[in-house]
Amino acid sequence: MTATTAAQRDAGDRKPQRHPTRWVILGVICLAQLTVLLDNTVLNVAIPSLTEEMGAATSDIQWMINAYSLVQAGLLLTAGSAADRYGRKKLLALGLALFGIGSLCAGLAGTTGQLIAARAGMGVGGALLMTTTLAVIVQVFDEDERAKAIGLWGAVSSLGFAAGPLVGGAMLNHFWWGSIFLINVPVALLGLVAVLKLVPESKNPTGDRPDLLGALLSTIGMTGITFAIISGPEHGWTSARVLLAAAVGAVGLALFALWERRVPFPMLDMHFFRNRRFVGAVAGGVLVAFGMGGSIFLLTQHLQLVLGYDPLATGLRMSPLALVIVALNLTGVGARLLPKLGTPTLIVGGMTTLAGGLAAIAVLGAHGYGGMLLGLVMMGVGIAFSMPAMANAIMSAIPPEKAGVGAGVNGTLQECGNGLGVAVLGAVLNSRFAALVPAVAAGAGSLPAALASARTDAERSAIEDAFASGVQSSQLVGAAAVLAGGIVAAVLLRRAERDAAAAGQGAAA
């Protein structure tokens, strides 16, 4: 063997140099992600304060909560595509700036209309942040470290979603409602400075032309579907408002799919959906978000309305879910198990554990916190194992130059899954509650309204039991959906791995 051949072999074996500040960059990204996701749930505990201090009507409260999610979900795919084309660092910095400005305007809002507009502006910044954070991770970390980095990112995402009620309750115990928004401003400013100094720029090197019609159609489609999901529980699934929004969304997404198959530079390559690995991870991701979003929605009501805890106490009792996720991902348990067990096994194991946690809450936690605690711990274990594995599967099935779009797909799935979880499990709860509620409270649309009509302690107890039974039924439906999703995802991912192995053997032969 010549010296030249040996040198070439050594150069081929040598791994590319890793980014020296990649873990610091991850910390900055996770801080931005945490701030965005806290605002998905932090406003829920401020509803009584907003109603009292601003005179907000029920419809105003709904728009304060939903304006953020609606704008964010509608723009995720477009934001991811723009990040790939124009630069992920630029769009990450822009997202932080918009989110900080929106938070400042929300904290200082004097009317309900101003607060709704500020929340919509925060949704634009949130869409940019949710897509660029994951895309930057894919660019900065190599395959050996990417699973661990995505696991930490996923832990922070889950922490932000689950810790919203806790943070909101703590702030409201000491300050006025605007404090839950103003706390974002210094965090966004710190993150902006860190991004400009530390995060390297990356974008699609091919310089594809912008897909403006695709961006418009995807935004219309996702906004319509999200609006229908949000409005369904309140206005009825067969109401003209919901059916029209769903029809507009479905037509928009259908036209988007047709356009993306014909345009020379598609925003989302529809051939990705022929990849079983991608489809399996997508299916699993939707149903994990479905179970998590729906269960948190139900648990906050159960703890406050049935067990009688205040907002801060409710947040504290839900914190084991987030703590377990963070602990397992910070120690890298899921990242270490991934190469040993494989993606399909880890996902089906995690989703089975998540389904078991939902079932434990349903069966053991109906009348006390002890069984609920066991279920929350099991849910945390299941989410910590399954979510990072699915995010890694989605991102690895998409070329690195399309990392922003991949992150947009991942974020869109989480938003839709959360919304569907709240809508579907909420509908099961309402249906069961209406069927079991005593005659004295017949027709009451909520637990507080039903309790107001109770004349005796026995009637009050029967109404609470009916609500607890509705929560139980909803959690069991969520558990069944998550378990089925885990099986489907594992089967598709296993087939994808077999196809890849067979193709590799054929190429070698």
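The values are calculated or read from the model by the stated rules, or taken from the named source; none is laboratory data. Source: prediction; values computed, not measured. A quick note on method: Cβ atoms are made from the backbone with ideal geometry, for glycine too, and the neighbour counts reach across all protein chains shown. Accessible surface is based on the protein model in full, side chains and every heavy atom, while ligands, DNA and RNA are left aside. Shrake-Rupley method; radii C 1.70, N 1.55, O 1.52, S 1.80 Å.
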Sequence of VAL248, VAL286 from largest to smallest accessible area, 1.4 Å probe
VAL248, VAL286
Looking at this model, which pairs from LYS89/LYS402; LYS203/LYS340; LYS90/LYS148; LYS90/LYS197 are more than 22 angstrom apart at the alpha-carbon?
LYS203/LYS340; LYS90/LYS148
Heavy-atom SASA rank of HIS271, HIS174, HIS235 (probe 1.4 Å, accessible area, largest first)
HIS174, HIS271, HIS235
Separation in nanometres of the label points that stand 7 Å from Cα toward Cβ, at VAL333 and LEU189:
4.0 nm
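With N set to the number of residues, divide the alpha-carbon radius of gyration of the range 218-295 by 2.2 N^0.38 Å and report two decimals.
1.29
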Could you work out how far apart the two model spin labels at ASP465 and THR51 are, taking each label as a point 7 Å from the Cα in the direction of the beta carbon, and quote it in nm?
2.7 nm
In terms of the Cα gyration tensor, with a ≥ b ≥ c the square roots of its eigenvalues, is the range 236-351 rounded because a/c is under 1.5, prolate because a/b exceeds b/c, or oblate?
oblate
Phi-based couplings in Hz for the range 304-310 (Karplus 6.51, -1.76, 1.60; Gly and Pro marked x)
7, 8, 9, 8, x, 7, 7
SASA check, TYR369, accessible area w/ 1.4 Å probe, all protein chains in place, rounded to nearest 10 Å², comes out at 50 Å²
Rounded to the nearest 20 debye, dipole of the chain from Cβ charges on Lys, Arg, Asp, Glu
1300 debye
Rounded to whole angstrom, the alpha-carbon centroid of the range 179-205 lies from that of the range 311-389 at a distance of 30 Å
Report ³J(HN,Hα) in whole Hz for each residue of the range 148-154, in order, from the Karplus equation J = 6.51 cos²θ - 1.76 cosθ + 1.60 where θ = phi - 60°; Gly and Pro get x.
5, 5, 5, x, 5, 4, x
Quick check: residue separation of VAL491 and SER179 times 0.36 nm, minus the Cα distance between them. What number comes out in nm?
107.6 nm
Per-residue [θ]222 nm for the chain (sum of -39500 (n - 2.57) over DSSP H runs n ≥ 4, rounded to 500):
-28000 deg cm²/dmol
Could you check how much of the accessible area of the chain is carbon and sulfur, as a whole percent, using a 1.4 Å probe?
65 percent
Report the label-to-label distance for SER319 and ASP457 in nanometres (one decimal), using points 7 Å from each Cα along the Cα→Cβ vector.
3.3 nm
